[in-house]
Every structure is written in structure tokens, then in C-alpha cells.
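K.L.:
Supplied in C-alpha cells, the structure appears directly below.
The values are calculated or read from the model by the stated rules, or taken from the named source; none is laboratory data. Bear in mind that the values here come from a model prediction, so they are computed numbers and not experimental data. Neighbour counts run over all protein chains shown; Cβ positions are idealised from the backbone, glycine included.
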Amino acid sequence: MDMPSRIDFGEEGTAASDGQRGFLGKLGSRIGRSRGDVAAPGLHTREALLLLQNYEESGRGWFWSTDADGRLTYITDAVAGLMGKTGGDLLGTPFVDLFTPADSQGERQRTLPFLLTRQSKFDELPLSTVDAEGERWWAVSGRPYFEGDRFAGYRGSGTDITEQRRSAEDASRLALYDSLTGLANRFHISRRLDSTLAAFAQQQRSCAIMLLDLDRFKQVNDTLGHPAGDALLRQVAERLLKIVGDKEMVSRLGGDEFQIILPDVEDRGKLGDMAADIIASLSQPYSVEGSRCIIGASVGVAIAPYDGLTSEDLVRNADLALYAAKGGGRGRFRFYSSDLHQAAEDRRALEEDLRDALTRGQMQLSYQPVVEARTNMVTGVEALIRWNHPERGAISPALFIPIAEEANLIWTLGEWVLRKACEDAVRWPGELRVAVNVSPIQFANPDLPKIIANTLASTGLRPGRLELEITEGVFLADSAETERMFKALKGLGVRLALDDFGTGYSSLGYLQTAPFDKIKIDQSFVHGATVDGSRNGAIIAAIVALAEALEMETTAEGIESLDQLELISKLNVSHVQGYVYSAPVTSDELVEHGEAGSWIIKPSGPARQRNDRFQMFRRVGAIHGNHRYHVVIRNLSATGAFIEGILDVPVGTQFVIDFGEGQLVTATVRRSTRHQQGVQFEQSLVSDGNGGLCTRHRVSPYLIAAATQAPRDLAVPAFNTTSDWEAV
Ligand code: C2E
Ligand code: MG
Ligand code: MG
């Protein structure tokens, strides 16, 4: 800029200005005089005046003056105009009133009234005003002037710095915010977490963080392309903001990872509900660039001060919880607990072992009969992989298949399963069908049809006897690819079954377009149907009706009890797979039973489904008065449990049950035999995200520290026990 942004008025003002019309004139004459130019005062004055007028008119700067009380005696018309006034209107207004008040703008503006009362000079003080077009920023300078010794007011200038400020803000926004989603970036959120935790530690407040990772995002990105992936991430950010509310607390760390800070939340009931809401919301279908796609999300939660005091510890632990949530089958949340360190270690070890499991002959297939409900006749079997680990025994495929998927081992494993199942099936005497589970990752490989064709050819299995079970995961992108794959597979003459219906986001829509021969309704969905008030039964009826119309079979999975079997038959589900008929059997057993169309199994099992108590035996502490007993806890439910280990406890006795890691709950004895007490918890336990339960709140480390210094006078006599106890 070639014009000065600040005009120095000097400090020895001489004339009090009386405002509007006279200011420039007097200013000019003062400039003339103060320079002591006696030779040609008129010329200099006029020249200075014109220069200043030019400057005012250029809009780059403006002038102001006040009287001794800080009231405006002059202000450039143009700037008054920007404030919706004329220079005349503003005369007499306190100068400070032009600007946005201090408290909404922070430290800087508080200094203006302060500076004015101290009669200090100031330079380029940033101040803001608000007009119809929004916020404007000014750099304002001022000098006090005096008449003799008496303070007479201020004279000063200002320039518009709105543009500069905006671009500076943009630059800092770029440094602090993720340009794709507008959320805080990793740098920003980690600084925020640092400062929040530091402040909260002093105030003994809690703060939770959630780490969130999208499930199957990579597949969407790969099949629909990066622009679609970007669009999807933006929608994810919007959905997250809707749930979390506070924009500043949600961040994208990069890729498909997000972090949320939740100050002053430690209630694991609330956090679990929120995590479940987030997962449900993100699992709803998305429409990106004309395609529909479905992804999921997993969430790990850690809470300060319980799970860590520094942001480093807290993030690491939330990450461990996230890792465990993903390992637990995706679409889940998980709270951090200290045993996750071991679990993560185990998982890594398992991945190592998995690499050699096939070549070491540790993998086996077992086959579970699928029975036609009307006739009790076995129509086919499902091949289920079994891993017999030399040290750890049988490991569930629910545990190691996700590991295999992540470690790129699913292909070798999948091909082995396919070949083995076909080889076994040709040895069975009848025409039993064999179903093989195909991971969505296998399904996404264009080579799959070729491999299946080769396997069928080399083993000699009739294609109509092979059924491929695929989960809804393959519909995450209803791309042309998916359709082509369906066509190619159908072209081979194999059958297709939709597995685990009811677990993910189940849409009946794709049933009409995908050429399935069978729908397998997931165990959890069927179990849910037996609960009072559940709508699952109605939904199953609708699925069956639709399946019948489309000439598909239906199979209910995981049927264990006779009441479930009855319900399922009533709902007209055609086939049943579950312990009520048979657990998985070996191929050799099928060689015996597989005589064409002759294997009939009579259903047998418990009359009713057991209620959902967690059958576990866990050692916990029970504190009464100043005694701490070691007890075994059984039949834990959210509201109560049985404890064993203390003898002859009267009904009504209160204990504090210590589940460890600061999880204390007050429990009252409601039933008591000599050896066992039924206790009711004062506050219900909540889901730990892993099929287990945990307390809503934990005793904060701060409280524990304080409590150890507190005096105790709780001397009560000890109960007799079957184990030991200690004084606390
Ligand atoms: P899935 O395909 O839904 O298989 C049914 C699961 O339910 C099997 O568990 C089976 O043993 C179990 N099940 C059957 N009847 C009952 C019952 O009455 N009660 C209960 N509680 N469970 C029952 P499994 O063998 O542990 O397999 C778990 C999952 O692992 C399978 O679910 C499937 O998704 C996956 N899986 C198994 N084998 C393979 C494989 O070869 N390849 C792939 N990609 N995945 C596999
Ligand atoms: Mg299956
Ligand atoms: Mg299933």
C-alpha cells in the first residue's frame, strides 16, 4: 500500500475540534501551524487538506476524534455509512460504543476503554463492528491531545482489515480443520484434548473420548472410486455432528478414522447408548453419486481419569478398545479395560499362528445339518471351519475369520474350505447339498467364479449341490461389479444363500434384484422374536412371504429350544439349522447318514429358551463395614446376582461389590440361604459392548486418593465365611 495506514497526529494538540464541518479544516490548520511554517501557511494547509480528503475518499482509512469524555466529535462519513449511520448521527456517541463489546471478543477489546481512560496512545488496535454485511475488523490508532495541560480528547485513524483477517482466519482454519469434512483435524483435536485434560485434571473432572473407525470403507472407496469415498466421508461427518452436537469436539483424524471428545461424561450407560446411536446412524444406507452403499462403524471408548490421565494414554487406550471392538465382529463399541492389553497381544499372536495353521493341518471342516421343518428331513449341510490350535484348543471362526480377512489370509483359507467341502461332498452317498461361507472379500475378487468352476471340475461335484453363503456385506456398494459377480456365479449353476439376515442393515430391496435361492435368518433375530413385544416375528413373517413369492427357501439359524422351533414353524420358515436338530458333525458321519433323502432327525432340546443371564463365575470383592470378603459371583444380570463365600447373611444386609478397576456397586441381600445370597444392585449395570456388563460409574482415582486419607470408624463384626476375608 502506498498510502499511510496510520496518520501521526503528534501529541501536542492545540485546538479542541467542534465536529463535523470543521475538523479537517482545523486539522489542516493545526498541521500547518504545528510545523511552524510561516512562509506559506495557506498553501501547505490546502495541500494537506486535499491529501487527507483524498485519503478519506479512497476508503482505505478514516479519521475520528473525541472530546475529553470519549464522545465522538468527528468521524469520516464513509465509515459511519458502513455502520449504517452518517458522521453526523454518530457525533456525541461514546467512541467505545462503536465496537463489539469486550466480553464477546476477548482480551483485545477490553483494552480500548482501559486505554482511553488512561489517556494512552495506541496503535492498530484490532476492533470489530457488526453491520448488515456481517462482522468487520478495523485497525484503530489514537493519540490523546491536550489544551495546555488539560486532556481534551483523542484524535485518531482507522483502517479496514477485514480482508486480511479473513484470509488469516482461512489459513488458520486450513491448519486446524480437515478440508474434506470441515471437522477439526488431528493436530487441532489433539491440542484440544491436551488442554482439556490438563485443565480437567486440576478440577478433578472427567472426560471421555471415542475413537471411531468405519467398517468396509475401503471397499466402497475401491469399488465406487475416491470422489464417492470423499462424498461418503462428508455424509459420515454430518451424521456424527447431528449426534454429538458440538462441532468443535468432533474430528477426522485421517482416512476413515474419527475422534470425539466428550467433556464431563463418565457414565458408561450414556456413553454406550451414544456409541450405539452413532453405529446405528452410520450403518444406515448412504446415497453417493447415485449409488447406494452401506458401511458400518466400530467405536472404542476411554474415559479420563479412569483409563488414563494424559491424552497419549487415553488415545492409546481408546485405540485398544477400538481394536477389540473390531475384533469382536465390527459394528460394535467397546470400553477400554486393562485386560485389553493382553487381548491385543493374544490377537497378534493368533495372527502369527494363523499363517501356518493350514499347512500344519490344524484346520478342519465340520458340517451342520439343515433340516426341512415340515418333514424333519436333512436337505443339506453347512460347512463350518474349525481351528484346533495346539495350545489353545478349538478357536471359533467368529474370532479368527475377521483376523484372516484383515491379514490377507482369507483367500488361501477360503480356497481350502471350498476344495475340501467339495471333495468331502462327493464322498457322501446321497445328493446332500453343501453350503460354503464366502467372505465379502472373496466375493469382491473377480477371480472367484473361475476358482469355483475349477474346483467343481476337478472334484466332480455337481454345481447344483454347492451353495455359497454370502452376507449383506457384499451389498455395501450396489455397483455393476456386484451384479456381474452374481450373474457369473449363477451362470456356473451353483446356489446362492443370503447369510445372517437381520444382523446388518437388512433391506428387503435387494432381495428382489439379487438371485438368491435362500435366505438365512440370523440366530439373534430369531431369539429376539421370542421376546415379548418384539416386532421380529412380524418381520420374519414378511420375509417368508416375500421369499415364497420370489421362490426362495428360508432357513432359521441357531434354533436351540422347542419353543423357538414352534414359533419358526408357525411363521412358515421352511428350513431350520440349529442344535435343536443337530450340532455340526464330521464328514465321516455324513458318509454314514447321507443315504439319499433318508436322513430324518427328531428335534430335541430344552422346552424354552434360557433367559439372558450371563452364566459366569467371577471372583469379586464384597465389602461390608470394615471387612472385605472374597466371593464368587454367579448368574450376573444387570440388576443383581448371586454371591457365594459368606455364611448366614441376613436379608437386608448391604454390601459394596467390588468388580475391580474402580467398579463398585451397592448391593442389598434379598434372598439368603446358608451359603448363597441373592443380591440386588442399587444401580443397574450396563452393557460393556462385549456381551458383558460393567458399572455405569467408576470410583475416580481422585476419590480413592482422598479416601485413603479419611478416618474410618466402621467397626462391625465379621461374618463367617467359606473363604478368607481381610480388613479394609
Ligand atoms: P454362520 O455362517 O452364521 O454359521 C452358523 C453358526 O452358528 C456356526 O458357528 C454354528 O456352529 C452356529 N450354530 C449353529 N446352530 C446353533 C445353535 O443352535 N446355537 C448356537 N448358539 N449356535 C449355533 P461357527 O461354526 O462358530 O461359525 C461362526 C461364523 O464363522 C459363521 O457364521 C460364519 O460366518 C463364519 N465361518 C465359519 N466357517 C467359515 C468359512 O469356512 N469361511 C468363512 N468365510 N466364514 C466362516
Ligand atoms: Mg453361514
Ligand atoms: Mg449365519
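K.L.:
Please note which strands (runs of 3 or more DSSP E) are completely contained in the stretch 240-302 and include at least 3 residues that are touching a residue at least 40 places away in the same chain (Cβ under 8 Å).
P.N.:
Details: elements: 250-254, 257-263, 286-288, 291-293.
Result: 250-254, 257-263, 291-293.
K.L.:
List every residue pair whose Cβ atoms lie under 8 Å apart, where the two residues are 6 or more positions apart in sequence or sit on different chains, the first residue falls within the stretch 379-395 and is over 22 Å from VAL576 (Cβ atoms), and the second residue, located anywhere, is in a strand (DSSP E or B) and among the charged types (D, E, K, R).
P.N.:
Pairs that qualify, where the first residue is over 22 Å from VAL576 (Cβ atoms) and the partner is in a strand (DSSP E or B) and among the charged types (D, E, K, R), are ALA394/ARG386.
K.L.:
Scan the stretch 196-218 for residues that are in contact with a strand residue (DSSP E or B) (Cβ under 7 Å, 6 or more places away or on another chain), within 28 Å of GLY255 (Cα to Cα) and not hydroxyl-bearing (Ser, Thr, Tyr) and report the count.
P.N.:
Of the residues in the stretch 196-218, 11 are in contact with a strand residue (DSSP E or B) (Cβ under 7 Å, 6 or more places away or on another chain), within 28 Å of GLY255 (Cα to Cα) and not hydroxyl-bearing (Ser, Thr, Tyr).
K.L.:
I've got another one for you. Looking at the stretch 82-98 only, could you name the residues that are part of a loop (DSSP other than H, G, I, E, B) and of a type outside the set (Lys, Arg)?
P.N.:
MET83, GLY84, THR86, LEU91, GLY92, THR93 - these are the residues of the stretch 82-98 that are part of a loop (DSSP other than H, G, I, E, B) and of a type outside the set (Lys, Arg).
K.L.:
Quick one: in the stretch 148-184, of everything that is over 24 Å from SER128 (Cβ atoms) and out of contact with any Asp or Glu (no Cβ under 8 Å at 6 or more places or on another chain), which residue is surrounded by the most Cβ atoms within 10 Å (Cβ to Cβ)?
P.N.:
LEU183
K.L.:
Can you report the number of residues in the stretch 376-416 which are of a type in the set (Ser, Thr, Tyr), touching an Asp or Glu at 6+ places or on another chain (Cβ under 9 Å) and more than 19 Å from GLU467 (Cβ to Cβ)?
P.N.:
Qualifying residue count, the stretch 376-416: 0.
K.L.:
While we're on this one: Run GLY36 past the list (1) out of contact with any Asp or Glu (no Cβ under 6 Å at 6 or more places or on another chain); (2) among the small types (Gly, Ala, Ser); (3) modelled with pLDDT of 50 or more and report the number of the one that doesn't hold.
P.N.:
It fails just one condition, (3).
K.L.:
Hey, GLN364 hits all of (1) crowded, with 16+ Cβ neighbours inside 10 Å; (2) touching a strand residue (DSSP E or B) at 6+ places or on another chain (Cβ under 7 Å); (3) within 21 Å of ILE403 (Cα to Cα) but one; which does it fall short on?
P.N.:
(1)
K.L.:
Quick one: how many residues across the stretch 371-414 are crowded, with 17+ Cβ neighbours inside 10 Å, acidic (Asp, Glu) and not in a strand (DSSP E or B)?
P.N.:
Residues in the stretch 371-414 being crowded, with 17+ Cβ neighbours inside 10 Å, acidic (Asp, Glu) and not in a strand (DSSP E or B): 1 in total.
K.L.:
How many of the residues in the stretch 214-233 are without any contact (Cβ under 8 Å) to a residue 60 or more places away in the chain and under 21 Å from GLY300 (Cα atoms)?
P.N.:
Counting residues in the stretch 214-233 that are without any contact (Cβ under 8 Å) to a residue 60 or more places away in the chain and under 21 Å from GLY300 (Cα atoms) gives 2.
K.L.:
Let me ask something else. In the stretch 173-230, what residues are β-branched (Val, Ile, Thr) and modelled with pLDDT of 90 or more?
P.N.:
Across the stretch 173-230, the qualifying residues are THR181, ILE189, THR196, ILE209.
K.L.:
Got a sec? Which of SER574, SER569, SER582, SER561 is touching a residue at least 40 places away in the same chain (Cβ under 8 Å) and away from ligand 1 (no atom under 16 Å from the Cβ)?
P.N.:
Answer to the check: SER574.
K.L.:
Now, a different point. Out of the residues in the stretch 531-568 that are of a type in the set (S, T, N, Q) and either over 15 Å from ARG608 (Cα atoms) or within 31 Å of the chain's Cα centre (by Cα) (or both), state the one that is surrounded by the most Cβ atoms within 10 Å (Cβ to Cβ).
P.N.:
Taking the stretch 531-568 first, the residues of a type in the set (S, T, N, Q) are 534, 536, 554-555, 561, 564.
With either over 15 Å from ARG608 (Cα atoms) or within 31 Å of the chain's Cα centre (by Cα) (or both) added as a condition, the list becomes 534, 536, 554-555.
Numbers: SER534: 13, ASN536: 19, THR554: 25, THR555: 29.
Among residues in the stretch 531-568 that are of a type in the set (S, T, N, Q) and either over 15 Å from ARG608 (Cα atoms) or within 31 Å of the chain's Cα centre (by Cα) (or both), the one surrounded by the most Cβ atoms within 10 Å (Cβ to Cβ) is THR555.
K.L.:
Scan (1) within 16 Å of ligand 3 (Cβ to nearest atom); (2) more than 27 Å from ASP522 (Cβ to Cβ) for the single condition GLY460 breaks and write down its number.
P.N.:
Among (1) within 16 Å of ligand 3 (Cβ to nearest atom); (2) more than 27 Å from ASP522 (Cβ to Cβ), the lone unmet condition for GLY460 is (1).
K.L.:
Grab the strands (runs of 3 or more DSSP E) fully contained in the stretch 431-545, keeping just those with 2 or more residues being modelled with pLDDT of 90 or more and more than 24 Å from ASP215 (Cβ to Cβ).
P.N.:
Details: elements: 433-437, 466-471, 495-501, 518-521.
Ranges flagged: 433-437, 466-471.
K.L.:
Name the residue, out of GLU589, GLU560, that is in contact with a Phe, Trp or Tyr (Cβ under 6 Å, 6 or more places away or on another chain) and under 24 Å from SER396 (Cα atoms). Even if it seems obvious, please write down each step before you answer.
P.N.:
Working: GLU589 fails: in contact with a Phe, Trp or Tyr (Cβ under 6 Å, 6 or more places away or on another chain).
Matching residue, one of GLU589, GLU560: GLU560.
K.L.:
Do we have any residue at all in the stretch 673-686 that's at pLDDT 90 or above, touching a Cys at 6+ places or on another chain (Cβ under 8 Å) and part of a strand (DSSP E or B)? Break it down stepwise before answering.
P.N.:
Restricting attention to the stretch 673-686, the residues satisfying the condition of being at pLDDT 90 or above are 673, 676-686.
Retained after the next criterion (residues that are touching a Cys at 6+ places or on another chain (Cβ under 8 Å)): 685-686.
Imposing the further condition that a residue be part of a strand (DSSP E or B) reduces the set to 686.
Yes - at least one qualifying residue is present in the stretch 673-686.
K.L.:
Still on this structure, I have one more. Which residues, counting only those in the stretch 650-674, are touching a residue at least 24 places away in the same chain (Cβ under 8 Å), touching a strand residue (DSSP E or B) at 6+ places or on another chain (Cβ under 6 Å) and farther than 16 Å from LEU636 by Cα?
P.N.:
If the condition is that a residue be touching a residue at least 24 places away in the same chain (Cβ under 8 Å), touching a strand residue (DSSP E or B) at 6+ places or on another chain (Cβ under 6 Å) and farther than 16 Å from LEU636 by Cα, then THR653, GLN654 are the ones that fit.
K.L.:
Another question about this same structure. Return yes or no: is THR412 under 27 Å from MET485 (Cβ atoms), more than 15 Å from ligand 3 (Cβ to nearest atom) and out of contact with any helix residue (DSSP H, G or I) (no Cβ under 9 Å at 6 or more places or on another chain)?
P.N.:
Answer is no for this residue.
K.L.:
So, one more: Looking only at the stretch 231-246, how many residues end up being closer than 13 Å to ILE278 by Cβ and at pLDDT 90 or above?
P.N.:
Total meeting the criteria: 9.
K.L.:
I've got another one for you. Answer yes or no as to whether GLY652 is away from ligand 2 (no atom under 16 Å from the Cβ), modelled with pLDDT under 90 and over 34 Å from the mean Cα position of the chain (by Cα). Quick ask: steps written out before the conclusion?
P.N.:
On the way: away from ligand 2 (no atom under 16 Å from the Cβ): yes; modelled with pLDDT under 90: no; over 34 Å from the mean Cα position of the chain (by Cα): yes.
So GLY652 does not fit the description; no.
K.L.:
Checking TRP416 against (1) closer than 22 Å to LYS326 by Cβ; (2) touching a Leu at 6+ places or on another chain (Cβ under 7 Å); (3) not small (Gly, Ala, Ser), only one condition comes out false. Which one?
P.N.:
(1)
K.L.:
Right, another one. Kindly list, by first and then second residue, each pair from a residue in the stretch 401-420 that is under 15 Å from ARG348 (Cβ atoms) to a residue that is assigned to a helix (DSSP H, G or I) and within 15 Å of ligand 2 (Cβ to nearest atom), limited to pairs with Cβ atoms under 7 Å and residues at least 6 apart or on different chains.
P.N.:
ALA404/ILE410; ALA404/LEU413
K.L.:
Anything in the stretch 105-119 that is at pLDDT below 85 and hydroxyl-bearing (Ser, Thr, Tyr)? List them, or say none.
P.N.:
Within the stretch 105-119, just THR111 meets the criteria.
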